Each structure stands twice: as structure tokens, then as C-alpha cells.
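S.K.: This structure is in C-alpha cells; I'll ask about it shortly.
The values are calculated or read from the model by the stated rules, or taken from the named source; none is laboratory data. Worth saying up front: this structure is predicted, and the values here are computed from it rather than measured. Using ideal geometry, Cβ is built from the backbone for each residue, glycine included, and neighbour counts are taken over all protein chains shown. The protein model used for the area step is the full one, side chains on, heavy atoms only, and it has no ligands, DNA or RNA in it. Shrake-Rupley method; radii C 1.70, N 1.55, O 1.52, S 1.80 Å.
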Amino acid sequence: MRGRREEYAYVVDILPPEVAVYKLPPKIRREFPHDVSYAHLVGEDHFTLLEVTLKKGAVVEIGERVYVGQGQRDKVDKIVRRIKYDDLQPQGRENLNAVVRKIVEQQEGRFVKWLNEAGPITLKLHSLELLKGIGKKKVQEILEERKKRPFTSYEDVKQRAGIDIVELITERILREIAGEDSYYLFALPPPQHAEQ
């Protein structure tokens, strides 16, 4: 994984300026324009939630992948701040589920590699147990299968281990984004307070 900055992110919500600016802390509110659209994005590498302003005239769609890295951006103007799951509008939360699943589906190599390399976190807890519904018995089954030969695809995992790894990893990432667990396998921990 590269540094902690996101290069690309996916649009999960588009906000009219009156909604976005109203929620900003007063210090930041003065610095950001009131006549541009704002969007909430989720990063594709670290699943960071971002609030951004869009360039004038830029049109984005829910689920669209946009560049947020250093240098010239085509649609995103400024990154306003990192946000928490609670900062998302209800529609944004709903869209987030579908977008995270889409990212997991597209990054099959990354997550199959993780499954092949996942190890223990503590003496009593294996990182595979952080996936919902996977207990010690299923962990042993997965470890035995990958010892025979590494998993090669999501379908291979389903056939040999009997689990829908896309579903389990998507659910895990959503829990991490929402800050519902003290362990972070895939997402950066949410900001402790409103970032400025």
C-alpha cells in the first residue's frame, strides 16, 4: 500500500453548497465558497471519507472514480477535510455500501493476496476472525486450504472455503469506516474530531 494519501476516490454523495457549508466548522466555513457543489468521496486505497469542492462546471455522478491526488485534478477543486461516517447524509451512507462493494470487486488481486497472507493479530486472535461469521474452526479450514495452494480468485475462495469473501470484506470495511471496531485491516481509522 502506498502512503496514507488517496490518489483516487469514488463519489458517494453530491451536496448543494448550503448543506455542505452549514455543516463546516465556522473557521473553515469562511474559507470555502458558497457557490460551488460539494461532494463526499471514499478513497480507493484506504477507504478514507473525504469532503471536497468540485470545480465550477464539473459534473460528477454517484459511483464515479475521480482523481484526488497531488497536482492537476480534472473535477475536484479542493479537499475540504476528512469526514466521519456520521457526517454522511442518509443517501450517502446508502451509496457508500454499493461503492465499497464495487471497489472490493474491482481489486480482487489485492484482497485475495490479503486472504493468502493474513496472519494472527494476537496469540488468541487471527485477523481472519475479524470477518463477520468466521470463527476459529473456519479459520483453520481456510489456513489448511491455502497451505495446499494459495487462493487465486474470489471464485476459488468460494469453491474451496465456502465463503463469499467479497461480502465479508465489504462488510468489514464498512464497519471500519464507521469506527465500529478497534482493529483496522483495510481502512484508515476515522478522524478523532472534525479535521481542519
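S.K.: Which residues, counting only those in segment 95-115, are touching a Leu at 6+ places or on another chain (Cβ under 7 Å) and either open to solvent by 60 Å² or more (accessible area, probe 1.4 Å) or of a type in the set (V, I, T) (or both)?
M.R.: Once the filter is applied, which keeps residues that are touching a Leu at 6+ places or on another chain (Cβ under 7 Å) and either open to solvent by 60 Å² or more (accessible area, probe 1.4 Å) or of a type in the set (V, I, T) (or both), segment 95-115 yields N97, V100.
S.K.: Residues in segment 171-196 that are over 19 Å from R81 (Cα atoms) and either modelled with pLDDT under 95 or of a type outside the set (V, I, T) (or both): how many? It would help to see each step written out before you state the result.
M.R.: We begin by selecting, within segment 171-196, every residue over 19 Å from R81 (Cα atoms); these are 171-175, 180-186.
Keeping just the survivors that are either modelled with pLDDT under 95 or of a type outside the set (V, I, T) (or both) gives 171-172, 174-175, 180-186.
Qualifying residue count for the region: 11.
S.K.: So in segment 60-69, with the set limited to residues that are part of a loop (DSSP other than H, G, I, E, B) and free of Cβ contacts under 8 Å to residues at least 60 places away in the same chain, which one is surrounded by the most Cβ atoms within 10 Å (Cβ to Cβ)?
M.R.: V60
S.K.: Being open to solvent by 20 Å² or more (accessible area, probe 1.4 Å) and of a type outside the set (D, E, K, R) is the filter here; which residues of segment 147-159 pass it?
M.R.: P150, T152, S153, Y154, Q159
S.K.: For the subset of segment 116-146 comprising residues that are basic (K, R) and not in a helix (DSSP H, G or I), which member is surrounded by the fewest Cβ atoms within 10 Å (Cβ to Cβ)?
M.R.: Per the criteria, the residue is K124.
S.K.: Residue under question is R81, and the condition is that it be open to solvent by less than 60 Å² (accessible area, probe 1.4 Å) and in a loop (DSSP other than H, G, I, E, B); does it hold? Reasoning before the result, please.
M.R.: On the way: open to solvent by less than 60 Å² (accessible area, probe 1.4 Å): yes; in a loop (DSSP other than H, G, I, E, B): no.
Against the criterion (open to solvent by less than 60 Å² (accessible area, probe 1.4 Å) and in a loop (DSSP other than H, G, I, E, B)), R81 does not qualify.
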